[in-house]
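Novice: The structure that follows is given in the form of structure tokens.
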């Protein structure tokens with residue numbers, strides 16, 4: 001078991017191989033890897049025949065490093081889509097880099113910031129749905145209440161989505177740039 005576990009995990013982040021650990025609360029099995037389904041602290045519980053990986057949301061204290069973390073330009077963030085309209089998707093930022101936040105910040109992904117090419121053909125309704133988890137890049141601090149975000153790179157986009165067939169069926173997408 002030479003696998004080094006991260007201290008903190010973000011949703012969709014691969015944690016370890018299913019050959020070394022069993023999935024527990026806050027994790028799921030995807031393509032023979034255990035991935036995090038929530039942002040939080042990672043721990044391995046000693047169980048037989050294999051240790052069980054768990055991810056738990058832990059209340060952060062006032063002295064925690066995450067209380068001073070704010071999204072800055074060029075920061076990679078994780079956000080949940082809250083509203084969509086033909087011009088933009090409104091998101092709630094809950095993680096900056098690998099650090100879960102105490103408070104959520106609001107952001108906007110404009111249609112022209114969804115992908116790098118064919119920007120005029122982007123349809124927000126086909127790229128995002130409310131509830132999707134998105135990895136995005138902060139491109140501007142925006143106005144008083146919103147950060148402007150972009151998913152116009154191959155490593156960015158929707159990382160966890162809900163199927164159109166069933167509201168309770170989660171799926172993983174590789175991004176919205178295709």
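Readers should treat all values here as calculations from the given coordinates under stated rules, not as data from a laboratory. Here the structure is a predicted model, which means the values were calculated and not measured. For neighbour counting, all protein chains shown are included, and Cβ atoms are generated from backbone atoms with ideal geometry for every residue, glycine included.
Novice: Would you mind getting me the FRET efficiency between residue 32 and residue 144? Use the beta-carbon distance for r and R0 = 45 Å, nearest 0.05.
Specialist: My answer for the efficiency is 0.45.
Novice: Length gain on complete extension for the stretch residue 45 to residue 20, per 0.36 nm per residue less the alpha carbon to alpha carbon distance?
Specialist: 7.8 nm
Novice: Return the distance in nm (one decimal) between the two label points of a simple spin-label model at residue 5 and residue 153, each offset 7 Å from Cα along Cα→Cβ.
Specialist: According to this spin-label approximation, the distance is 2.9 nm.
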